[in-house]
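Presented below is the structure to which this report refers.
What follows draws every value from the coordinates through simple rules; no lab data is involved. Everything quoted here is computed from the prediction, not taken from an experiment. All Cβ positions, glycine included, derive from the backbone under ideal geometry; neighbour counts span all protein chains shown.
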Ligand code: PEP
Ligand code: MN
């Protein structure tokens, strides 16, 4: 349930209203002060709240019922776009943000070299996996804490904030110290204990869609993080499983406009894990910008043939630079910047 307040309701009155509602109905309130209107979202067991009673309150202009199970992530609760800031890099504004780097951090020199190259090519965030959730227990599992150290060194050298994937709540202290944004991977999208843990963090979260999960399930996972108090969530479409085998996954481009309609949270697209093949990454990246993605996450390696994970889908730095140049044209065509 959402209460749309009358124009000119002061902050004091909004605060008093929230206190009254929370005490009387044992629910939580989520006031959003927008430039156009102020709304108060009611969260919890709102069946206790009689619609006619709240509609009659002095400050309330009208009551909107929210059918969707996600509340804080819902655009009805928060009509304006959320802008998530990662050490000064704004995600969800006019600028389309490029996040690039290797699938895995493999050595200090490897991440340092790729970080400098993707920065030159136009990236404003650096990615790199340190804890790798691999399908096979025999595959490279990542450099773990050492990888996070190298990422931070690369950040200190280039100024690019770093994004890395967490796989276990016990890693949280390490991420708080070394990372600027925490990635929750597709395989962990419904690891609810992990979602609650990152929800208690102050770090922004890049939440990837599970390959067998619906848009609504993705939004419910975001809701876990938001409901623990962390408002800085960026969603990421990275391909879903279909009957098609020509690509590693099928990039669900429809999910981007659907998500932009349903939620105020920024939306990224990862064309690398969707395609699984380097040659398809650029066209999918351009399409993603065209349908409204707020940013792209792209895997870049200095020698994909030797990569310890996901070699076939990683771009060379010069291929990434060419992609960025083309994406800039698409962004301009739809009134955005890159
Ligand atoms: C990754 O970004 O390296 C990754 C493992 O992605 P996903 O969780 O989308 O498979
Ligand atoms: Mn990868």
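Taking the beta-carbon count within 10 Å as an exposure proxy, list 201, 104 from fewest neighbours to most.
On the way: 201 19, 104 25.
Sorted ascending by nearby Cβ count, the order is 201, 104.
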Quiz item: Taking Cα atoms, how many degrees apart are the long axis of helix 317-333 and the longest axis of the chain, rounded to 10 and kept between 0 and 90?
Solution: 40 degrees
Quiz item: How far is helix 108-121 tilted, in degrees, relative to the longest principal axis of the Cα atoms in the chain, given as a value from 0 to 90 rounded to the nearest 10?
Solution: 70 degrees
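Between residue 112 and residue 26, 0.36 nm times their residue separation minus their Cα-Cα distance comes to what?
On the way: separation 86, 0.36 × 86 = 30.96 nm, distance 5.20 nm.
Gain in length upon complete extension: 25.8 nm.
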Quiz item: Expressed in whole Å with the largest first, what are the equivalent ellipsoid semi-axes of the chain derived from the C-alpha gyration tensor as the square root of 5 times each eigenvalue?
Solution: 38, 20, 18
Practice problem: Return one number: the angle in degrees, 0 to 90 and rounded to the nearest 10, between the long axis of the Cα atoms of helix 11-25 and the longest principal axis of the Cα atoms of the chain. | Solution: 80 degrees
Practice problem: Among 163, 40, 233, determine the one that fluctuates most according to a GNM of the chain built with springs between C-alpha atoms less than 10 Å apart. | Solution: 40
Quiz item: Is it possible to state the helix-based mean residue ellipticity at 222 nm for the chain, with each DSSP H run of 4+ residues giving -39500 (n - 2.57), the sum divided by total residues, to the nearest 500 deg cm²/dmol? What is it?
Solution: -10500 deg cm²/dmol
Quiz item: Of the residues 285, 157, 179, which exhibits the maximal mean-square fluctuation in a Gaussian network model of the chain defined by a 10 Å Cα contact cut-off?
Solution: 157
Quiz prompt | Proxy reagent accessibility, fewest Cβ within 10 Å first, across 180, 270, 173, 61 | solution = 173, 61, 180, 270
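How big is D for the stretch 127-255, in µm² s⁻¹ as a whole number, if Stokes-Einstein is applied with the Kirkwood radius of its Cα pairs at 25 °C and 0.890 mPa s?
161 µm²/s
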Quiz item: Once the piece of chain linking residue 216 and residue 254 is laid out straight, how much longer is it, given 0.36 nm per residue of separation minus the C-alpha distance between them?
Solution: 12.3 nm
Practice problem: Compare 110, 216, 37 in a GNM of the chain, Cα atoms joined below 10 Å, and give the one with the largest fluctuation. | Solution: 37
Quiz prompt | Overall Cα dimensions of the stretch 62-166 - principal axes, largest extent first, Å | solution = 59, 35, 19
Quiz item: Which translational diffusion coefficient, to the nearest whole µm²/s, is obtained for the stretch 223-338 from the Stokes-Einstein equation, given a Kirkwood hydrodynamic radius over C-alpha pairs, 10 °C and 1.306 mPa s?
Solution: 106 µm²/s
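Among DSSP beta bridges whose residues both lie in the stretch 73-190, state the antiparallel percentage, nearest 5.
Numbers: 3 of 12 bridges.
Given both bridge residues lie in the stretch 73-190, the antiparallel proportion sits at roughly 25 percent.
What fraction of the DSSP beta bridges in the chain is antiparallel, stated in percent and rounded to the nearest 5?
Numbers: 18 of 46 bridges.
Of the beta bridges lying entirely in the chain, close to 40 percent run antiparallel.
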Quiz item: Roughly speaking, what is the centre-to-centre gap between the stretch 19-78 and the stretch 204-244 when only Cα atoms are used, to the nearest Å?
Solution: 24 Å
Quiz item: Scaled to the compact-protein estimate 2.2 N^0.38 Å, what is the alpha-carbon radius of gyration of the stretch 2-64, rounded to two decimal places?
Solution: 1.00
Quiz prompt | Exposure proxy ranking, count of Cβ atoms within 10 Å, fewest first, for 217, 282 | solution = 217, 282
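Rounded to the nearest 0.05, what FRET efficiency do residue 139 and residue 13 give with R0 = 45 Å and r taken as the Cβ-Cβ distance? Could you check? Could you put the intermediate results ahead of the total?
On the way: r = 58 Å, r/R0 = 1.29.
With a Förster radius of 45 Å, E is 0.20.
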